[in-house]
Amino acid sequence: MRIPYEYAIIQAVPRIERGELINVGVVLYSQRLDFLAARTHLHADRLRCLDPQADVTAIAAALASWEATCNGAGAAADMKPGERFRWLVAPRSTILRAGPVHMGLAADPAAELERLLELLVR
């Protein structure tokens, strides 16, 4: 049985004034299964094409915090998965942001997350 889920692409925008970005991850939420996870992949060479001065190490650490937030770390400890998802996908003007939220159907959200990462990021 396929169940509904929501997902957003995590984007790196190293120079906000230029508006250029690369896809660096996916965050996926399924309310029905109480599933929330993010998977990331930072392609350093692509990032440096947009900004040769980009701090790849700092951006990678920030990406790791997206995955930790999904797992309830830090300030998200008392939030439910749906609240964490909404917090992560809320508009922001930082180097990392979420793109628009999309919907889908899948039998296995974890497998779908990996498929979306491969399709949209790698």
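Would you mind checking the tilt of helix 109-120 against the longest principal axis of the Cα atoms of the chain, expressed as 0 to 90 degrees and rounded to 10?
Roughly 30 degrees between the two axes.
What relative contact order, as a whole-number percentage, does the chain give when Cα pairs under 8 Å and 6 or more residues apart are counted?
Value for the chain: 38 percent.
Build a GNM of the chain with springs between Cα atoms under 10 Å: which of 40, 69, 57 gets the top mean-square fluctuation?
57
Determine the distance separating the Cα centre of region 9-35 from the Cα centre of region 84-118; give it in Å without decimals.
Answer, in whole Å: 6.
Along the Cα-to-C-beta direction of residue 1, a point sits 7 Å from the Cα; which residues of region 80-117 have their amide N less than 19 Å from that point?
Those under the cut-off are 104-112.
Give the Cα extents of the chain along the principal axes, in whole Å, largest first.
Over the chain, Cα extents along the principal axes are 45, 31, 21 Å.
Here, each number is a calculation from the coordinates, and none is a lab measurement. Computed from a predicted structure; not experimentally measured. Here the Cβ is made from the backbone with ideal geometry for all residues, glycine too, and neighbour counts use every protein chain on show.
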